[in-house]
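Written below as structure tokens is the structure these notes are about.
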Amino acid sequence: ATGYVVAQRKASIASKATRRLEWLGVSEGSTVKEGEIIARLENRDVAATREQAEANVKVAQANLEQARAELREAKRAFARSEDLIGKRYISEAAHDQARARPEVAQAALASHEAALAVARANLEAAQVGFDQTLIRAPFDGVVLTKNANVGDNITPFSSALDTKGAVVTMADMSTLEVEAD
């Protein structure tokens, strides 16, 4: 019987992002490890978006700390007001304001906590967008074919004119098997 030796695990490696191929770090016959970056798409814009999201997280954290400090101060002011109203040194209206301040500060604190959660979610989304521009090897293997060159437009589905889908095709050579008729 005649047959072929083929890899059981074989994959065409592509990106979920649609961008121009900026760097290709492998050639046919290259050995790659799982998770290794084998190609990179243009990503300056998504990198800037990620940096902006990181800055927004820092701003939200600072605002949260400020809100915590304001809450502590409002509670101290209310405690002083409790003491002074008992001695009749301040008016009832001033005491009512001091009583309301911790509640307002608590609401502001909750708002800043929510803003921080939103900022962290935006950072996660920006990180995912950035990671989609890095094409990684899904398993240990060998690059069989190089399907794209630096400068080519890469799309997840290569139905567009002058675009490529897969950047490389690779196989796991530890899973070889013989196919015969």
Completion exercise
Dividing the mean separation of Cα pairs under 8 Å (6+ apart) by the residue count of the chain yields a relative contact order in percent of 48 percent
Completion exercise
Result for the chain: accessible area per residue, probe 1.4 angstrom, in square angstrom, of 62 Å²
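Please list Asp152, Asp83 in order of solvent-accessible area, largest first, computed with a 1.4 Å probe with all protein chains present.
From most accessible down to least: Asp83, Asp152.
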Exercise for the section: First measure r as the distance between the Cβ atoms of Arg9 and Ala180, then evaluate 1/(1 + (r/R0)^6) with R0 = 25 Å and state the FRET efficiency to the nearest 0.05. Expected result: 0.80
Practice task
Could you calculate the FRET efficiency of Glu36 with Lys58 from 1/(1 + (r/R0)^6), where r is the beta carbon distance between them and R0 is 30 Å, rounded to 0.05?
Solution key: 0.45
Exercise for the section: Pick out, in residue order, every one of the chymotrypsin sites (Phe, Trp or Tyr not before Pro) in segment 86-181 that is DSSP loop and has at most 14 other C-beta atoms within 10 Å; say none if there are none. Expected result: Tyr89, Phe157
Completion exercise
Rounded to one decimal in Å, the inverse mean reciprocal Cα-Cα distance for segment 65-129, i.e. its Kirkwood radius, is 13.6 Å
Practice task
Could you look at the chain and say what percent of its accessible area is carbon and sulfur, using a 1.4 Å probe and all protein chains?
Solution key: 51 percent
Practice task
Taking H placed 1.01 Å from N in the peptide plane, check which residues at least 5 places from Arg9 or on another chain put their amide H under 5 Å from its amide H.
Solution key: Asp172, Thr175
Handout entry: Reachable aspartates and glutamates from Lys164, criterion Cα separation under 14 angstrom, eight or more residues apart if same chain
Key = Glu22, Asp152
Practice task
Normalise the Cα radius of gyration of the chain by 2.2 N^0.38 Å (N = residues in it) and let me know the number.
Solution key: 1.86
Exercise for the section: Only loop residues by DSSP count here, and only those with at most 15 other Cβ atoms within 10 Å; note down the trypsin sites (Lys or Arg not before Pro) in segment 75-135 that meet that. Expected result: Lys87, Arg88
Problem - HN-Hα J in Hz across segment 21-27 - Karplus 6.51, -1.76, 1.60, θ = phi - 60°, x for Gly and Pro - result: 5, 9, 8, 10, x, 9, 9
Problem - Proximal charge balance of Val128 [Cβ under 10 Å; K/R count +1, D/E count -1] - result: 0
Fill in the blank from the handout: Loop-resident GluC sites (Glu not before Pro) in segment 5-68 with no more than 12 other Cβ atoms inside 10 Å, DSSP not H/G/I/E/B, are Glu28, Glu34
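The values are calculated or read from the model by the stated rules, or taken from the named source; none is laboratory data. None of these values were measured; they are calculated from a predicted model. With ideal geometry, Cβ positions are generated from the backbone for all residues, glycine too; neighbour counts draw on all protein chains shown. Each accessible area value is taken on the protein alone, full model and side chains, heavy atoms only, with ligands, DNA and RNA left out. Shrake-Rupley method; radii C 1.70, N 1.55, O 1.52, S 1.80 Å.
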